[in-house]
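The values are calculated or read from the model by the stated rules, or taken from the named source; none is laboratory data. None of the values given here were measured: they were computed from a predicted structure. Note that each Cβ is placed from the backbone with ideal geometry, even for glycine, and that neighbours are counted across all protein chains shown.
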Amino acid sequence: MKLEICANSYQSAKNAQDAGAHRVELCQELSVGGITPSYGLLKQVVDKLSIPIFVLIRPRGGCFVYSNAEFDIMKHNIQLCKELGCQGIVSGVLNTNKTIDLIRTKELVELTKPLSFTFHRAFDEVVNPKETLEQLIDLGVRRVLTSGQESSAEKGLLLLKQLYEISKGRIIILAGGGISSENTKKFKETGLKEIHASASSTLPSDQSMFSIPLTYSDPQKIKAILNAL
């Protein structure tokens, strides 16, 4: 079973590599569910680390319905990630009725090639997850990140099992959302091949008016999950 760590900084990505994680999903602003990392962060991580780097392509927080301008930004960022040497893209687009925007998502998948494309947790908002899974397979999506449409992957375990059975090896079900060393075994027992975790801890702020606690990927928590695999 592989462990992907959601890292929001260079240090978090380095912690993931040093602790033995198999892959990093690089993003920033976890407080809004993650957005595309800056050019400087991307370049630093790709240049300095050897672990596979997948990059979140999401121009802002909020819904997954995007304007033409936002969609253009997403495409530019995918091209930039390819030029920098990243190994994968994590993205996706929805319609206002909570179905996949097939035309735009297909465009992102095609632009990503030959890199791996992961459809992110926008999947957890779709109205028909089983039908949507088949659509993602048809689009050539390599994996889907999902909590089983619940607040945590542990609560969504039943749907995760069903999606895994439907997938039949055609797409990877990447379980994510509240995964820790305490519940990792439950996902392994279902047959799932990959899990996604932030394995995060926080450092206290310096109490200035602009400060918020610093969240980082904790190497001890990462190692604990890996030991439980």
Legend entry - Any pair with Cβ under 9 angstrom, 6 or more apart, that starts in segment 151-178 at a residue that is polar (S, T, N, Q) and ends at one that is exposed (fewer than 15 other Cβ atoms within 10 Å of the Cβ): Q162/K130
Inset, instruction - State whether one or more residues within segment 60-72 are out of contact with any strand residue (DSSP E or B) (no Cβ under 7 Å at 6 or more places or on another chain), without any contact (Cβ under 8 Å) to a residue 60 or more places away in the chain, charged (D, E, K, R) and loosely packed, with under 15 Cβ neighbours inside 10 Å. - result: yes
Legend entry - Selection count where residues are at pLDDT below 95 and either out of contact with any strand residue (DSSP E or B) (no Cβ under 8 Å at 6 or more places or on another chain) or in a helix (DSSP H, G or I) (or both), scope segment 205-227: 7
Inset, instruction - Of the conditions (1) outside any strand (DSSP E or B); (2) closer than 25 Å to V32 by Cα, I173 clears all except one; give me its number. - result: (1)
Inset, instruction - Taking K98 as the residue in question, decide whether it is in a loop (DSSP other than H, G, I, E, B) and not polar (S, T, N, Q). - result: yes
Inset, instruction - May I ask you to verify whether Q149 is polar (S, T, N, Q) and part of a helix (DSSP H, G or I)? - result: no
